[in-house]
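So the structure is just underneath, and the comments pick up after that.
Read-outs: derived from the displayed coordinates by stated rules, not from any lab. Computed from a predicted structure; not experimentally measured. A quick note on method: Cβ atoms are made from the backbone with ideal geometry, for glycine too, and the neighbour counts reach across all protein chains shown.
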Amino acid sequence: MVLRGVDFTAAQGEMTFLVGPSGCGKTTLISIIAGLLGSDAGSVSLFGESLASLSARDQILFRRRHLGFVFQQYNLLPSLTAAENAAVPLFAAGMNRKLAVKKATELLGALGIGNRADAAPRLLSGGQQQRVALARALVHEPRLIICDEPTAALDHKSGESVMELLSSSAVHPDRAVVVVTHDNRVFRFAHRIAHMDDGVITHIESPENKI
């Protein structure tokens with residue numbers, strides 16, 4: 001989907017939802033925000049840094065340090081344990097493996113599945129796998145977390161649980177959280193909701209005030 005004059009800001013300390021019909025441009029927008037797609041016009045600034053000013057290598061390093069991702073299909077590596085999967089960003093940053101796994105295990109404990117740290121992904125429920133994916137997104141303390149349909153593959157109870165964890169664990173004064181979702185059951189967790197259609201943001205609303 002081609003974006004047309006999108007003006008979007010995600011504030012630190014808030015969880016901002018991007019919602020709209022399939023094909024409206026949500027995935028394109030978050031891919032551009034993350035620097036995974038380039039843009040023909042306009043600009044993207046993250047924490048005062050223009051992505052266009054960075055080389056391809058520096059963009060990779062910038063994402064590695066400052067961004068965390070939570071995906072609909074979890075994208076866990078089957079050959080690694082839950083703790084090792086959660087520690088992947090720390091491995092990429094060069095942290096000692098033992099220390100990285102220890103930090104990831106502690107985070108899994110905080111997310112309620114510390115007792116499954118040594119389990120392979122295939123032995124985890126969908127909700128448990130999504131918690132591992134959330135731990136992977138949080139473990140390196142990024143300043144922006146992007147979630148692409150984090151509850152789509154979960155039942156209602158598991159989806160609510162994951163959103164509660166996002167709300168309590170991911171939202172931080174120094175971090176912005178952007179969630180792409182079709183699931184109107186979890187809209188109540190948003191600080192702001194940006195509605196998209198046909199490549200544009202049509203309006204923005206919040207629980208207190210509709211813009």
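For the chain, set up a Gaussian network in which alpha carbons nearer than 10 Å are linked by springs, and say which option among S125, S167, S55 fluctuates the most.
Of S125, S167, S55, the Gaussian network model singles out S55 as fluctuating most.
Identify all aspartates and glutamates with a Cα-Cα distance to K98 below 15 Å; exclude those on the same chain that are fewer than 8 residues away in sequence.
Partners within reach: E84, E106, D118.
Taking neighbour counts of Cβ atoms within 10 Å as a proxy for exposure, in what order, fewest first, do V177, V19 appear?
Ascending number of Cβ neighbours within 10 Å: V19, V177.
DSSP loop (so not H, G, I, E, B), at most 13 other Cβ within 10 Å: list which chymotrypsin sites (Phe, Trp or Tyr not before Pro) in the range 8-54 pass both filters. Could you put the intermediate results ahead of the total?
Values: sites: F8, F17, F47; in loops: F8, F47.
Those that pass, being in a loop and sparsely packed, are F47.
Run a plain Debye calculation on the chain (Cα atoms as equal point scatterers, no solvent) and give log10 I(q)/I(0) at q = 0.10, 0.12, 0.16 Å⁻¹, rounded to two decimals, same order as the q list.
Results for the chain at q = 0.10, 0.12, 0.16 Å⁻¹ read -0.43, -0.62, -1.09.
Can you list the residues of the range 189-205 with backbone N under 20 Å from a point 7 Å past the Cα of R4, pointing along Cα to Cβ?
194-204
Scan around C147 for amide H atoms under 5 Å from its own, H built in the peptide plane at 1.01 Å from N, and keep only partners 5 or more places away or cross-chain.
V70, V178, V179, V180
Between G48, G23, G94, find the one with the highest GNM mean-square fluctuation for the chain; connect C-alpha pairs within less than 10 Å.
G48
In whole angstrom, how far apart do the alpha carbon centroids of the range 65-138 and the range 141-211 sit?
21 Å
Taking the Cα centre as origin and putting +1 on Lys and Arg beta-carbons and -1 on Asp and Glu beta-carbons, what dipole magnitude results for the range 6-157, to the nearest 20 debye?
Computed charge dipole of the range 6-157: roughly 600 debye.
Normalised by the number of residues in the range 1-105, what is the relative contact order in percent for Cα pairs under 8 Å and 6+ residues apart?
Contact order relative to length: 15 percent.
Which of I33, I193, I60 moves the most in a Gaussian network model of the chain with Cα springs under 10 Å?
For the chain, modelled as a Gaussian network with Cα springs under 10 Å, the answer is I60.
Just flag the trypsin sites (Lys or Arg not before Pro) in the range 1-57 sitting in loop per DSSP whose Cβ has no more than 11 other Cβ atoms within 10 Å.
Within the range 1-57, the qualifying trypsin sites (Lys or Arg not before Pro) (loop, at most 11 other Cβ atoms within 10 Å) are R4.
Label-point separation (nm) for Q12 and R64, each offset 7 Å from Cα along Cα-to-Cβ?
Result for the modelled spin labels: 2.3 nm.
Take the alpha carbon atoms of the range 117-198, find their radius of gyration, then divide it by 2.2 N^0.38 Å using N residues; give the quotient.
1.12
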